[in-house]
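Written out below as structure tokens is the structure these notes cover.
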Amino acid sequence: MKRRIFGVILGLFCALMFMVGCGEQTKTQEISPTETISFFALNTYVSLSASGDNAKEALQAARQVIETYEDKWSVTDNRSELYAVNHGGGIKRTISSETAEILRYALTMCQSTFGALDITVYPVLKEWGFTTGEYQVPTDERLAQLLALVGYEKILLDGNDITVPNGMELDLGAVAKGYIGDLVIATLIEYGIQSAIVNLGGNIQLVGRKSDGSDWNIGIRSPFENENFGTLKLNGKAIITSGGYQRNFTDDDGNVYHHIMNPQTGKPANSGLASVSIIADDGKLCDSLSTACFVMGAEKAIEYWKENGNFDMVLVTEDREVLITETIADNFACAMEDKWKVNVIRK
């Protein structure tokens with residue numbers, strides 16, 4: 001059967017970056033020169049911009065960081081460390097400290113979100129065709145077989161030693177870009193950069209403010225139209241969005257299936273949410289929670305936020321309601337007030 005694929009052009013663009021023109025400057029204020037590089041990595045288009053005397057060198061170092069860890073953590077590259085872990089036949093193996101560290105963080109987030117995030121769901125994702133492009137709707141019987149291979153608690157990680165049961169596969173797709181983004185930010189800061197924006201296929205991470213001293217204006221894409229429904233004023237933060245509109249396919253009967261799987265059912269999450277944007281200091285937290293909160297649904301995501309409180313979020317429901325946490329509500333501007341209902345989430 002032929003199936004129509006809907007995706008986001010130029011990678012998994014979850015949030016769109018808007019770098020507006022500089023505001024009025026005082027006569028004594030000097031704006032540092034800005035350098036920008038763009039390239040393809042992490043299966044998407046990457047854009048890095050930094051201001052400062054060492055910007056050019058800093059950006060090249062940042063690119064090296066991205067390419068190094070992409071090679072290490074790719075789930076499909078048979079030369080990667082993660083690929084070797086996934087095809088180890090259930091035998092304990094020793095991994096690098098860097099890989100052990102990201103896996104330890106990912107497993108911690110799986111536990112923290114009560115399995116809404118589960119890095120072992122890859123066999124299910126592959127069966128649906130989201131890793132191969134050969135889309136299909138698996139039978140319930142086939143999903144039951146694959147769900148026996150899902151369960152983060154079955155992964156044994158002891159120091160740098162890991163055991164992945166035979167047939168199970170780990171996928172860091174819901175963690176790695178944010179994690180790598182944090183490493184990029186740290187690299188830029190090491191080079192003395194005080195103003196930068198890192199765009200990893202729509203995953204936005206910031207160093208400080210813009211070079212003119214003003215906040216960054218970050219657009220959040222509508223899950224329903226090919227435009228932004230609002231903007232956030234941010235500085236020194238990360239913002240990462242997950243949504244069912246990013247990668248999906250339609251079968252011959254008109255049913256749409258997206259790539260964000262519910263680890264409990266093995267089917268696309270049907271939580272009533274159209275997109276989730278997470279804002280925090282760390283990209284790895286944003287990346288993990290944007291997926292987990294999408295799977296949870298609005299009620300449980302709000303409960304999780306109230307219990308943890310170390311992040312902010314913008315939830316978009318399927319009926320065009322925007323739910324935004326109170327600590328960033330004043331920084332949000334809705335661009336389509338006639339189409340959206342905005343409510344503030346309070347503790």
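Sub-8 Å Cβ pairs linking a first residue in region 51-74 that is closer than 21 Å to V85 by Cβ and in contact (Cβ under 8 Å) with a residue 12 or more places away in the chain to a second residue that is small (G, A, S) and part of a loop (DSSP other than H, G, I, E, B), at least 6 apart or interchain, are K72/S80; K72/S96; W73/S80, ordered by first then second residue. Exactly one residue out of M313, M261 is open to solvent by less than 20 Å² (accessible area, probe 1.4 Å), of a type in the set (A, V, I, L, M, F, W, C), within 12 Å of I240 (Cα to Cα) and out of contact with any Asp or Glu (no Cβ under 6 Å at 6 or more places or on another chain), and it is M313. What number of residues in region 327-345 are open to solvent by 60 Å² or more (accessible area, probe 1.4 Å) and within 22 Å of the chain's Cα centre (by Cα)? Total meeting the criteria: 2.
Listed by first and then second residue, the pairs with beta-carbon distance under 9 Å, at least 6 apart or on different chains, first residue in region 217-234 and closer than 13 Å to S275 by Cα, second open to solvent by 40 Å² or more (accessible area, probe 1.4 Å) and polar (S, T, N, Q), are I220/T231. Among residues of region 172-201 that are in contact (Cβ under 8 Å) with a residue 12 or more places away in the chain and at negative phi, those with a beta-carbon under 7 Å from a residue that is assigned to a loop (DSSP other than H, G, I, E, B) and charged (D, E, K, R) at least six positions away or on a different chain give the pairs D182/D282; S195/R209; S195/K210. When we screen Q60, Q64 for residues that are more than 20 Å from V175 (Cβ to Cβ), out of contact with any Ser or Thr (no Cβ under 9 Å at 6 or more places or on another chain), open to solvent by 10 Å² or more (accessible area, probe 1.4 Å) and not basic (K, R), the only hit is Q60. Does F249 meet the test of being surrounded by fewer than 18 Cβ atoms within 10 Å (Cβ to Cβ) and among the aromatic types (F, W, Y)? No, not satisfied. Taking (1) closer than 15 Å to P223 by Cβ; (2) in contact (Cβ under 8 Å) with a residue 60 or more places away in the chain; (3) open to solvent by less than 70 Å² (accessible area, probe 1.4 Å); (4) not hydroxyl-bearing (S, T, Y) in turn, A298 satisfies each apart from (2).
Could we say that A62 is closer than 20 Å to L206 by Cα and either modelled with pLDDT of 95 or more or assigned to a helix (DSSP H, G or I) (or both) here? Answer is yes for this residue. Restricting the search to strands (runs of 3 or more DSSP E) fully inside region 157-264 and requiring at least 1 residues that are of a type in the set (A, V, I, L, M) gives 161-163, 195-200, 203-207, 216-221, 228-234, 238-243, 256-258.
For region 202-240, the set of residues classified as hydroxyl-bearing (S, T, Y) and crowded, with 19+ Cβ neighbours inside 10 Å consists of S211, S222, T231, listed by residue number. All of T76, T120, T113 fail the test of being at pLDDT below 95 and either open to solvent by 20 Å² or more (accessible area, probe 1.4 Å) or under 19 Å from S290 (Cβ atoms) (or both), apart from T76. Residues in region 145-156 that are aliphatic (A, V, I, L, M) and part of a helix (DSSP H, G or I): L146, L147. Checking every residue in region 137-144 against the condition of being of a type in the set (S, T, Y), more than 26 Å from L59 (Cβ to Cβ) and part of a helix (DSSP H, G or I) gives zero matches.
With respect to E307, determine if the residue is among the acidic types (D, E) and either open to solvent by less than 30 Å² (accessible area, probe 1.4 Å) or free of Cβ contacts under 8 Å to residues at least 24 places away in the same chain (or both). Judged against the criteria, E307 is a match.
The single condition from (1) in a helix (DSSP H, G or I); (2) touching a residue at least 24 places away in the same chain (Cβ under 8 Å); (3) open to solvent by 10 Å² or more (accessible area, probe 1.4 Å) that F130 fails is (1). The set of residues from region 262-288 being out of contact with any strand residue (DSSP E or B) (no Cβ under 6 Å at 6 or more places or on another chain) and under 21 Å from Q136 (Cβ atoms) comprises N262, P263, Q264, T265, G266, K267, N270.
The values are calculated or read from the model by the stated rules, or taken from the named source; none is laboratory data. Computed from a predicted structure; not experimentally measured. Glycine also receives a Cβ, built like all others from the backbone with ideal geometry; neighbour counts cover every protein chain displayed. Each accessible area value is taken on the protein alone, full model and side chains, heavy atoms only, with ligands, DNA and RNA left out. Shrake-Rupley method; radii C 1.70, N 1.55, O 1.52, S 1.80 Å.
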